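Accompanying notes for the structure given below.
The values are calculated or read from the model by the stated rules, or taken from the named source; none is laboratory data. Quick caveat: nothing in here was measured; it's all calculated off a predicted structure. No Cβ is skipped: glycine too gets one built from the backbone with ideal geometry, and neighbour counts run over all protein chains shown.
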Amino acid sequence: MSDYTVLTVDDEPLALRRLDVILRGVRGVRLVGSATSGEQAVRLIREQRPDVVLLDIRLRDGTGFDVLDRLPPEFRPAVIFTTAFDHFAVRAFELSAVDYVLKPIEPARLAEAIDRARSRLASDNSARELAEMRTIVRDLRAEFRARQASPYETEMWIRGTTGSLTRVALDQVDWVSAEDDYIRLHTGTGSHLVRMSIKTLAARVDPDKFVRVHRAALVRRDAIAQVRQSPTGRRDVVLRDGTRVATGRVYARKLRALLGNGAFAQSF
């Protein structure tokens with residue numbers, strides 16, 4: 001049986017290179033092209049007619065939904081969304097998309113998604129399911145555009161070891177700590193471990209709501225009760241629940257500049 005052809009779409013060159021490396025280790029697939037923009041993706045998909053498209057949702061010139069909406073109605077590849085975290089991808093997966101894979105992408109997880117795509121393509125119902133996906137994408141695309149007034153994430157969907165999905169609203173996250181290749185989201189009711197760098201998360205949340213206080217810690221501003229200086233001169237952020245989060249020297253200066261004219265000025 002011939003290989004399934006795959007095309008990758010992501011506006012981050014490093015992400016495309018990682019996908020290239022991973023796909024080399026997945027049996028039965030052949031990479032036929034990579035696109036770094038929505039415009040390029042539409043052109044390559046039309047030219048290459050891949051069986052499967054690994055599609056990022058947030059592109060520099062639009063969205064993955066825009067790409068799918070511009071494809072010929074008679075051609076609809078199996079779609080696997082790749083994303084740092086995005087509830088649109090989760091909703092599309094729950095409804096009709098083949099799958100979605102959270103970044104940073106793990107080889108075993110991507111191989112699992114490719115297997116789902118194979119099953120979709122081999123199914124007698126694939127044409128009907130892909131037609132349904134077109135309608136779903138149109139609705140999600142409209143909702144995505146309606147929310148573009150705020151480019152920041154407001155929630156995360158976390159996949160459990162059994163495949164379950166848990167929604168975590170970011171306004172319920174008091175602070176975030178880094179743990180090697182993971183981050184831990186601390187809420188009032190518990191914590192959630194996510195494979196992601198704290199730098200990636202910091203770039204996707206509203207800087208008016210979250211502040212970096214340490215290279216390994218991000219804090220929601222509304223959760224801060226005060227900033228205290230220890231006898232050794234180190235400054236700690238004290239949260240409303242009593243949790244103390246140490247600040248780094250560089251971040252402490254930035255925190256002071258940020259909060260210096262506000263209610264926390266006397267705590268410095």
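Values as computed for the structure displayed
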read-out	value
Single match in 79, 21 (criterion: buried (at least 21 other Cβ atoms within 10 Å of the Cβ), within 22 Å of the chain's Cα centre (by Cα) and not hydroxyl-bearing (Ser, Thr, Tyr))	79
Positions within the range 202-219 being modelled with pLDDT of 90 or more and outside any loop (DSSP other than H, G, I, E, B), in sequence order	202, 210, 211, 212, 213, 214, 217, 218, 219
Residue match in the range 178-192 (condition: within 16 Å of residue 248 (Cβ to Cβ) and in the same structural domain as residue 245 (by TED's automatic domain parsing))	yes
Single residue of the range 230-239 satisfying the filter (surrounded by 13 or more Cβ atoms within 10 Å (Cβ to Cβ) and not aliphatic (A, V, I, L, M)) that is nearest to the chain's Cα centre (by Cα)	236
Tally, over the range 15-74, of residues that are part of a helix (DSSP H, G or I), within 23 Å of residue 111 (Cβ to Cβ) and of a type in the set (Asp, Glu)	1
Residues (of a type in the set (D, E, K, R), buried (at least 16 other Cβ atoms within 10 Å of the Cβ) and more than 21 Å from residue 237 (Cβ to Cβ)) located in the range 166-203	195
Selection within the range 220-235 - modelled with pLDDT under 90 and under 17 Å from residue 258 (Cα atoms)	226, 227, 228, 229, 235
Checklist (1) at pLDDT 95 or above; (2) within 24 Å of residue 112 (Cβ to Cβ) applied to residue 44, failing item	(2)
Filtered residue count, the range 5-14, keeping only those that are surrounded by fewer than 19 Cβ atoms within 10 Å (Cβ to Cβ) and either in a strand (DSSP E or B) or not assigned by TED's automatic domain parsing to the domain that holds residue 62 (or both)	1
